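Written below as structure tokens is the structure these notes are about.
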Amino acid sequence: MTRQRTKAYLFICTTTLLWGISFFWTNKLLVNHVPVFFLIFIRISLAALILLVVGKITGKIQRIKRKKDVLWFLGLALMEPFFYFIGETYGVKLTASPTLSSVMIATIPVFGLIAALVFYREKVSVWNITGIFLTVPGMMVVVMGKGGFDLGRVGNLPGTSLIPGILFLLMAVFSAVGHTVILKRMTRSYNAFTVTFYQHAIGALYFIFPALLLDLRRMESFQILIKWDFWSPILMLSVFCSSIAFMMFTAAIKELGVMRANTFSAVIPIVTASVGVALGLETINWIQVVGILLVVAGLILSQLRSRRN
């Protein structure tokens, strides 16, 4: 394995870890009644501001080279964070089932495989395909081992609207795949820092109107904005889970490709569960351990390269 590929795997593993942990920081904000669109807008805007300042100091932000690249950057930010966050958030809300939502999101590697073959004709082996399709049932075992598909009233969610919820989740899945397809294209002309900056800057613009029209008028109090309990998790999300994580993910996509990078998305819920166990917030039974082993085995198989490559 080359030094560059080793670096790419280090980046994608770190990204997976950060995105897995991000749930706890996001949850801390949600339990304090911070509206979803407002939360995302602040997180992405702050990340864009940090990247702008660092980029100006280091000179890492490249100028857009071609007019058509503006459209590609607009499409990149539209796929993720905009469509992805909307699809995931409303998917969980309408299905009233975090379990079903996790399984739906875990299908990203499957659709990522199709996209890699169609758009970039990435070289895959039988072992790669077997590994990808092994991660999905493994992920299902993990989430169902917690208690199965509970399609009813979950927590304080209002109820179940299954078909619209599934459609929103599918939007999130296809948005994530579309994001990686465009991302791969943009890494041919721009460095990871530049792509990450424009993605967050444009994404922040997309979220201005939802935040203003849907969230600000419903906020119970603006006092939370002067509390460290708000800014502490927001800073963690902005610095680590947005700025740093997306830069590393972009660099990993360039080296590993769409298929191999997308496969790691199946590990994110496992990271979240593992961190929860370490913090004493979650428990894992033996059925879930079997599922985790299946996902890990599938992940390893999906990364194998043939000798011809």
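Points worth noting:
- Close contacts from segment 179-204, counting a first residue that is part of a loop (DSSP other than H, G, I, E, B) and a second that is crowded, with 22+ Cβ neighbours inside 10 Å and among the aliphatic types (A, V, I, L, M), with Cβ to Cβ under 9 Å and a gap of 6+ residues or different chains, come to T187/V195; T187/A251; T187/I253; N191/A251.
- Among (1) in a helix (DSSP H, G or I); (2) at pLDDT below 85; (3) buried (at least 18 other Cβ atoms within 10 Å of the Cβ), the one test that V124 misses: (1)
- Lone unmet requirement of (1) at pLDDT below 85; (2) closer than 27 Å to I292 by Cβ; (3) of a type in the set (A, V, I, L, M, F, W, C) for L94: (2)
- Scanning segment 167-190 for residues that are buried (at least 17 other Cβ atoms within 10 Å of the Cβ) and out of contact with any Phe, Trp or Tyr (no Cβ under 9 Å at 6 or more places or on another chain) yields a count of 1.
- Subset of segment 170-204 [in contact with a Leu (Cβ under 8 Å, 6 or more places away or on another chain), under 14 Å from P81 (Cα atoms) and not small (G, A, S)]: H179, I182, L183, V195, T196, F197, Y198, Q199, H200, I202
- G75 being over 12 Å from the mean Cα position of the chain (by Cα), part of a helix (DSSP H, G or I) and modelled with pLDDT under 90: no
The values are calculated or read from the model by the stated rules, or taken from the named source; none is laboratory data. Everything quoted here is computed from the prediction, not taken from an experiment. Using ideal geometry, Cβ is built from the backbone for each residue, glycine included, and neighbour counts are taken over all protein chains shown.
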